[in-house]
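Take a look at the structure below.
Bear in mind these aren't lab numbers, they're just calculated from the coordinates by the rules spelled out. Keep in mind the model is a prediction, meaning the values are calculated, not measured. Every residue, glycine among them, receives a Cβ derived from its backbone with ideal geometry; neighbour counts consider all protein chains shown.
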Amino acid sequence: MNKNYIFIDRDDTLIIDKEYLSDPAGVEFPKGSIAGLKRLRDAGYGIILITNQSGIGRGYFTEDDLAAVHRRLKELLANEGLELAAIYYCPHAPDANCDCRKPKTGMLKAACKDFDIDLKNTAMFGDGKADIQLAKNFGITAIQITNGKKGPLPDADFVAETLDDAVVWFLQQHP
């Protein structure tokens, strides 16, 4: 039986963007992030993190640094009774022309290989053009989170200020 999962971007969607975050102490959640994740959990959705981390490919930080940030992220989520089903990241610089860098679909393909995902009941939640285009490239719902910082993107299926607002809409579409 398929389990329902959603895909979520990390920086400026799940956590506040600190531009090339390599210090675990910098992990902070924007307004509505934890509440939205709890709604998804309570509705039976697993949460899969999908993130470009070109700071590795650019030499700004290491994969060990990224692992430390993600350990802290998981710890903070666990304190709220939440967990991520998986984390997929692209470590490559933008000019590497890899298959995994958003908006290419490599990370979503890997997640679908690892998990039995019902694509009719999933979405990509993210703040930027690459997130929205990734969803379009993969044929799933594209939901933009602005956190009051960005204007709406034209290709988004829904635009919300907070993750919680986006989740409320998503769950109305997928009862």
Among the residues of region 8-17, are any out of contact with any His (no Cβ under 8 Å at 6 or more places or on another chain) and either assigned to a helix (DSSP H, G or I) or farther than 18 Å from Ala160 by Cβ (or both)? no
Would you confirm, using the coordinates I've provided, whether Cys90 is closer than 16 Å to Thr13 by Cβ and in contact with a Gly (Cβ under 8 Å, 6 or more places away or on another chain)? yes
Meets criteria (within 12 Å of the chain's Cα centre (by Cα), over 23 Å from Asn147 (Cβ atoms) and either buried (at least 20 other Cβ atoms within 10 Å of the Cβ) or of a type in the set (Gly, Ala, Ser) (or both)) for Ala86: yes
Pairs needed: first member in region 151-164, without any contact (Cβ under 8 Å) to a residue 12 or more places away in the chain; second member anywhere, in a strand (DSSP E or B) and crowded, with 18+ Cβ neighbours inside 10 Å; C-beta distance under 8 Å; at least 6 residues apart or different chains. Pro152/Gln144; Pro152/Val159
Those residues of region 165-175 which are touching a residue at least 12 places away in the same chain (Cβ under 8 Å) and either surrounded by fewer than 20 Cβ atoms within 10 Å (Cβ to Cβ) or among the charged types (D, E, K, R) (or both), in sequence order: Asp165, Val168, Trp169, Leu171, Gln173, His174
What pairs come out if I take residues in region 105-131 that are over 27 Å from Thr162 (Cα atoms) and pair them with residues that are among the basic types (Lys, Arg) and assigned to a strand (DSSP E or B) whose C-beta lies under 7 Å away, six or more apart or interchain? Asp116/Lys3
If I ask for residues that are surrounded by fewer than 20 Cβ atoms within 10 Å (Cβ to Cβ) and under 19 Å from Met124 (Cβ atoms), which ones from region 13-28 would you list? Asp17
Any idea how many residues of region 109-152 are farther than 20 Å from Gly36 by Cβ and part of a helix (DSSP H, G or I)? 13
If Ile16 satisfies every condition in (1) more than 23 Å from Ile140 (Cβ to Cβ); (2) in contact with a Cys (Cβ under 9 Å, 6 or more places away or on another chain) but one, which is the exception? (2)
Restricting attention to region 102-140, the residues that are among the β-branched types (Val, Ile, Thr) and surrounded by fewer than 22 Cβ atoms within 10 Å (Cβ to Cβ) number exactly 2
Scope region 32-72; condition outside any strand (DSSP E or B), of a type in the set (A, V, I, L, M) and touching a residue at least 60 places away in the same chain (Cβ under 8 Å); matching residues: Ala35, Leu37, Leu40, Ala43
